[in-house]
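One structure below.
The values are calculated or read from the model by the stated rules, or taken from the named source; none is laboratory data. None of the values given here were measured: they were computed from a predicted structure. Backbone-built Cβ (ideal geometry, glycine too); neighbour counts: all protein chains shown.
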Amino acid sequence: MNIVQFFGHVLSEKIGQKAIACSGIIRLSIKDSNKDPETITANELKEVFENSLLERLQRIGFDNANEVSNYMTSQLMKNHAIFVMNA
Amino acid sequence: MPVGITTILKFSVFIVAIILAILMFFKAKKTDLKSLLILGFIFIMFSITTLITVIVDFDIVIFFTSKTLYITSAIVVLLLYSVFTHYTFYNARKSPFKWLVLIGTLGLIIVEILFIIAIVSTGSFVLQNDPLSESHINYTINYYILALLTYLFSGWRFKASLDSYNEIKGNIAVKGWIKLKYKMVMAICILQIITSSLQLLDYSMFKLLILMVVILSSFILEVFAWGAPRWLRKWANRNHQIEDESDGMTEEEILSQLEVDKP
């Protein structure tokens, strides 16, 4: 399963943007952190959501970038099982 | 009891459990997931428990000791499963984990105390035939303790996996294989509860046969869930057509998909 696509869908539901754009933003944020989207671990993705995703959202112009970043982190914690099931 | 089909089956389970444990340790190292490490230990305990049941089959002299050893290892497996449930489904979030570990540990202590009381009072490791004898009563109580703990621990794992499944099932990125894996984890919990209930029934060939089928089914599901062959994953994913189209897109192409007012 594609973890980026999974959280892209979650982000899409939160901010009301196209899923393809949201998956893309997460993919770019992961690359900003010099990680590989295909092999990223849960801990690494948490760091991405807290840092590079937040920066990207702020750069794009989302007013509630902080709230979205926190939401994505909480969703990551809540759906942690998906990493175990995907392993 | 001569070496029969059950011994061969149990030995096969022992080997497969060891292989799965090694696979889980490798995957845990690769993915940095504590849950997989714990699963590795659970499979190690599976193999130990299976070896103990082989001893039970052959053992007519110290039957009570080996049965207690079996119950002890089964409770240790339940405790490990509770750690797995906590790290997998409640990662860093509040869960009844600590209370369950406390209850499980208390159950384990009671099992050992009842065993010691029985062997001290009867002066023998042999299970007495008289159903009213101390060793027989304590042996029966120990099986009830194991059953109650199984209901509690497996019930909790079932609820946690069901809640988690309900969270993810609507996400288009979740492939059929992942959904099937969740269902297998839930089915294993139900089979473990059935196993514990069956163990409380009086001895009969029919009970033994059903028990063997249930335990084997549970183990086969564990093998498929955590060491699934490629064909099974491919079959489960056969209806999943949605791929991540953002893979391969440039930054400009991705940003052009956004519908926000640029600053």
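Just the residues that are within 13 Å of chain A (Cβ to nearest Cβ), in a helix (DSSP H, G or I), closer than 27 Å to B:Leu23 by Cβ and not aliphatic (A, V, I, L, M), please, taken from segment B:225-252.
If the condition is that a residue be within 13 Å of chain A (Cβ to nearest Cβ), in a helix (DSSP H, G or I), closer than 27 Å to B:Leu23 by Cβ and not aliphatic (A, V, I, L, M), then B:Trp226, B:Arg233 are the ones that fit.
On the basis of being more than 11 Å from chain B (Cβ to nearest Cβ) and small (Gly, Ala, Ser), does A:Ser69 make the cut?
yes
Could we say that B:Leu221 is at pLDDT below 90 and in a helix (DSSP H, G or I) here?
no
What's the total number of residues in segment A:17-39 that are over 11 Å from the mean Cα position of the chain (by Cα), more than 7 Å from chain B (Cβ to nearest Cβ) and in a loop (DSSP other than H, G, I, E, B)?
The qualifying residues number 6.
If we keep just the residues of segment B:195-228 that are touching a residue at least 60 places away in the same chain (Cβ under 8 Å) and under 29 Å from A:Phe83 (Cβ atoms), which is surrounded by the fewest Cβ atoms within 10 Å (Cβ to Cβ)?
Filtering segment B:195-228 for residues that are touching a residue at least 60 places away in the same chain (Cβ under 8 Å) and under 29 Å from A:Phe83 (Cβ atoms), the one surrounded by the fewest Cβ atoms within 10 Å (Cβ to Cβ) comes out as B:Gly227.
Being touching a residue at least 40 places away in the same chain (Cβ under 8 Å) and farther than 19 Å from A:Ala19 by Cα is the filter; apply it to segment B:163-178 and report the residue that is nearest to the other protein chains (Cβ to nearest Cβ).
Per the criteria, the residue is B:Ser164.
Considering only residues that are in a loop (DSSP other than H, G, I, E, B) and among the aliphatic types (A, V, I, L, M), look in segment B:149-180 and name the one that is modelled with the highest pLDDT.
Among them, the one singled out is B:Val174.
State whether one or more residues within segment A:40-52 are in a loop (DSSP other than H, G, I, E, B), at the interface with chain B (Cβ under 9 Å from one of its Cβ atoms) and among the charged types (D, E, K, R).
So far as segment A:40-52 goes, no, none of its residues is in a loop (DSSP other than H, G, I, E, B), at the interface with chain B (Cβ under 9 Å from one of its Cβ atoms) and among the charged types (D, E, K, R).
Any chance segment B:73-93 includes a residue that's of a type in the set (Ser, Thr, Tyr), crowded, with 17+ Cβ neighbours inside 10 Å and away from chain A (no Cβ under 14 Å)?
yes
Results for (1) in a helix (DSSP H, G or I); (2) modelled with pLDDT of 90 or more; (3) of a type in the set (D, E, K, R), shown as yes or no for each residue.
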position	(1), (2), (3)
B:Ile22	yes, yes, no
B:Leu39	yes, yes, no
B:Leu69	yes, no, no
B:Tyr87	yes, yes, no
B:Ala92	no, no, no
B:Val101	yes, yes, no
